[in-house]
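Notes for the one structure printed next.
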Amino acid sequence: MKLTKTAWRTYLALISLNLLIIFAAFQTYNYYSKNTHLPIPADAVKNLIVLVNKLQKNPQEKWPTILQRRSVPWSTLSLSTKPMYTKNALLTLQPALVFNLIKQHHALAISVFVNKDTWLNITMTPPVSIQSSAFINLLIVLLLAFFIVNFLIVKGLNQPIQTLIQSLEDTALQENWSSIPLTGNVEQQAILQKINTLQKKLHKLLANRTRVVAAISHDLRTPLTRLKLRVENLEDEKSYQKMMHDIQDMEIMIRYTLDYFQDIHQAEQPQPFDLVAMLNSIKEDTLEAGGRVYFSADTDKLVYIGSVNLLKRALNNIITNAIYYGGLAKISLKHTKKKIEIWISDQGPGLPASKLEKIFLPFYRAEQSRSRSTGGTGLGLTIAKEIIETHKGSISMENLKEGGLRAVICLPR
């Protein structure tokens, strides 16, 4: 299951805390293992005394055989002509100092006189607790358990968030939002339930708004038709032309408004298609209609998954706007592994910076004095922006230094 960035940070923090706890436990064990040892078994001392007596009572040529047969537990034996120490260290040192030496070196090295020019050297290592390996194994098991338990905890906390994100991504291109599955603990399920309720209310509000505007726009056609018939009977040609002009403006507004709501709320399943081929098709259609348009791309084919008709409508609106206000449209497509960029430039006068953001508002036109019969209703770029954002993309306008306006469209891959 994919974890969010916050979930990963939480998981790493828990693992770090667990590692600190294990490190502290290991250091504690290490301290006690160095300062606490089992006493040397009594039979080791007894065997050592017996061994010395055997060596003293037997000739020297038999000593190797005796050393092989008579082993002293926890000890290493060797013979030498000189003692390991040049003085009686055990007699001169205090018992506490002897104990400190044993703690420091974890062994007791002594030399015992056997006979003339022969010393028996014994290195006695105190036995380490047999629980040390078990303790290390326990630490490994605990470490693995911490990794698994922490991951399960973080996964449980992350699952509702990931479900919410996935549900929103799956329904981003659909008209109707599906309810988010209720996962997680009781509190998280309550939050998701509230989001579902709010989502239903929002969808109902948007649907009602669409129906109301569409109904009003549709109902306005009837009085407009009657008004048009009455205007036909006017004898004054000048008044007739003015009134017909106003009626045509209203008809255009109604048609564009209905098209706006139909395009934005049109349900269309995303599918793979060639974006380069689509732009070439738009270019050819525009050239046939008498428009000036140029297109270049950094690839001959680019497969993109999206709503074909909606994206074509959005790109058509932007290109038409560029040709109408800027004389021509220069289309450029560039892509990387993560995104697609489409630039649509014109050679018009550009726009003041204060109007660049407003240009995407519904019914907004940069030239307010322009007739709607020639300048449109101001919905073309609004429709284009909403369609592009539905595809998780973005669009912005910028003025070119050499003059003109450029639309920058970014689509994620």
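Couple of notes before you dig in:
- Meets criteria (of a type in the set (S, T, N, Q), over 35 Å from the mean Cα position of the chain (by Cα) and either exposed (fewer than 13 other Cβ atoms within 10 Å of the Cβ) or more than 16 Å from residue 378 (Cβ to Cβ) (or both)) for residue 345: no
- The residue of region 35-85 that is modelled with the lowest pLDDT, among those that are of a type in the set (Ser, Thr, Tyr) and in a loop (DSSP other than H, G, I, E, B), is 36.
- Lone unmet requirement of (1) buried (at least 21 other Cβ atoms within 10 Å of the Cβ); (2) under 38 Å from the mean Cα position of the chain (by Cα) for residue 332: (1)
- Residue ID - farthest from the chain's Cα centre (by Cα), chosen from residues in region 104-144 that are part of a loop (DSSP other than H, G, I, E, B) and modelled with pLDDT of 75 or more: 116
- Pairs are defined by a Cβ separation below 6 Å, a sequence spacing of at least 6 or placement on different chains, a first member in region 19-31 that is not assigned by the TED database to the domain that holds residue 145, and a second member that is at pLDDT 80 or above and surrounded by 12 or more Cβ atoms within 10 Å (Cβ to Cβ); no pair meets this definition.
- When 257, 286, 299, 197 are checked against the criterion of being hydroxyl-bearing (Ser, Thr, Tyr), surrounded by 14 or more Cβ atoms within 10 Å (Cβ to Cβ) and within 41 Å of the chain's Cα centre (by Cα), 257 stands alone in meeting it.
- The conditions of being surrounded by 14 or more Cβ atoms within 10 Å (Cβ to Cβ), part of a helix (DSSP H, G or I) and at pLDDT 75 or above are not met by residue 205.
- When residues in region 294-318 are screened for being in contact with a Pro (Cβ under 7 Å, 6 or more places away or on another chain) and among the β-branched types (Val, Ile, Thr), 2 of them pass.
- All of (1) outside the structural domain of residue 246 (by the TED database); (2) at pLDDT below 75; (3) not small (Gly, Ala, Ser) hold for residue 162 with one exception: (2).
The values are calculated or read from the model by the stated rules, or taken from the named source; none is laboratory data. No experiment lies behind these values; they were computed from the predicted model shown. Backbone-built Cβ (ideal geometry, glycine too); neighbour counts: all protein chains shown.
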